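The values are calculated or read from the model by the stated rules, or taken from the named source; none is laboratory data. The shown structure was predicted, so the numbers you read here are calculated from the model rather than taken from an experiment. Note that each Cβ is placed from the backbone with ideal geometry, even for glycine, and that neighbours are counted across all protein chains shown. Keep in mind that these areas ignore ligands, DNA and RNA; they rest on the heavy atoms of the full protein, side chains included. Shrake-Rupley method; radii C 1.70, N 1.55, O 1.52, S 1.80 Å.
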Amino acid sequence: IERQLGLRPAEEDTPVADTSYLGAIDLVKQLFRKGRYEAGLIEIDSLLRRYPTDPRLYEMRGTLLDRLGYKELAVQAWNQSLELNPDNRPLKKFLDRRLAGRK
């Protein structure tokens, strides 16, 4: 199955996942650039289970949800980010413009 999907066949032992925060963030960014938003969302949700108070993760989650067409869920995620970091002026400004455009 792995070869048919163009993946490298698994070794005998299960590979150890990269559990570093920055490594996981980088993976999400790579998936985003490749348009693999669903996979990025899975990674973000996994990170949020480990870092539930990280505003950056909620901001990224909102962007992924937005790209997938889940506009209301995206706004909720961005609002969660702002609750955790109310000093994020660029996100606040972006969200205000986004919400004003819906009226």
Accessible area per residue, Å², region 18-103 with all protein chains present, probe 1.4 Å: 65
Dimensions (Å) - region 15-84, Cα atoms, principal axes, largest first: 37, 26, 14
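Using 0.36 nm per residue, how much length does the chain from Leu99 to Lys71 gain when fully extended, once their Cα-Cα distance is taken away?
That pair, Leu99 and Lys71, stretches by 9.0 nm at full extension.
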Cβ-derived FRET efficiency at R0 25 Å, Gln30 paired with Asn85, nearest 0.05: 0.55
Rg/Rh ratio calculated on Cα atoms of region 30-70 (Kirkwood radius): 0.95
